[in-house]
Amino acid sequence: MSRILLAFRCLFNILFQGRLSDESLTELGLSKRAAAAPAAKTAAAPAPPAVRTSDGALQVLGILQRDSRLLDFLMEDLSAYSDDQVGAAVRELHDQCRDSVMRYFTLQPVIDGVEGTFAQAPSKDPNIVKFIGNVPSTPPSGGTLRHKGWRAAKVDLPTVPAKQDAAILAPAEIEIE
């Protein structure tokens with residue numbers, strides 16, 4: 001009976017894991033292959049394509065174009081439209097862009113305070129806090145909060161297929177009639 005169980009265990013190991021488990025190999029009286037064989041296989045694998053720093057920015061632009069047609073709106077000449085028409089378009093565009101940003105990014109304020117009230121500066125680092133107005137040579141410990149700032153707490157962009165050209169933000173569309 002134990003040989004039948006061993007046979008089924010081996011079958012399911014191969015089906016679901018693609019290899020025999022260490023326990024199955026031991027029970028069969030076999031040894032694992034030398035470690036040099038898998039190392040040779042990984043050395044022959046092609047190197048992943050180089051990721052450029054611009055790829056993430058292009059991906060975000062592509063997402064905003066796909067979800068809200070932001071680039072179409074920005075590249076459009078709005079001089080022929082009335083302010084009411086532009087305002088109506090911007091309201092819908094705003095909602096769609098915000099939904100896209102919220103889907104892929106978790107944003108938090110740099111300083112979680114009420115704008116227009118006094119706020120302590122969490123740091124004097126100009127990348128975190130920008131002092132504006134009549135700033136003395138030595139930055140103060142705080143001042144009136146004019147903008148909370150934004151920090152990306154989490155970025156969850158989808159992976160881009162290796163074959164996809166990152167510079168194509170939206171493919172051209174040709175209708176066949």
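The values are calculated or read from the model by the stated rules, or taken from the named source; none is laboratory data. Just so we're clear, the structure is a prediction, and the values are computed from it rather than from any experiment. Here the Cβ positions follow ideal geometry from the backbone for every residue, glycine too, while neighbour counts run over all protein chains shown.
Key figures for this structure:
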| read-out | value |
| --- | --- |
| For Phe118: the one exception among (1) among the hydrophobic types (A, V, I, L, M, F, W, C); (2) exposed (fewer than 11 other Cβ atoms within 10 Å of the Cβ); (3) under 23 Å from Asp156 (Cα atoms) | (3) |
| Matching residues, segment 147-177, being surrounded by 12 or more Cβ atoms within 10 Å (Cβ to Cβ) and either of a type in the set (Phe, Trp, Tyr) or farther than 29 Å from Asp72 by Cα (or both) | Lys148 |
| Sole exception among (1) among the aliphatic types (A, V, I, L, M); (2) under 14 Å from Ile63 (Cα atoms); (3) not in a loop (DSSP other than H, G, I, E, B) for Val160, by number | (3) |
| Considering residues of segment 95-143 that are of a type in the set (S, T, N, Q) and within 20 Å of the chain's Cα centre (by Cα) only, the residue nearest to Val160 (Cα to Cα) | Ser100 |
| Residue count for segment 138-177, restricted to those that are at pLDDT below 85 and more than 21 Å from Ser54 (Cβ to Cβ) | 1 |
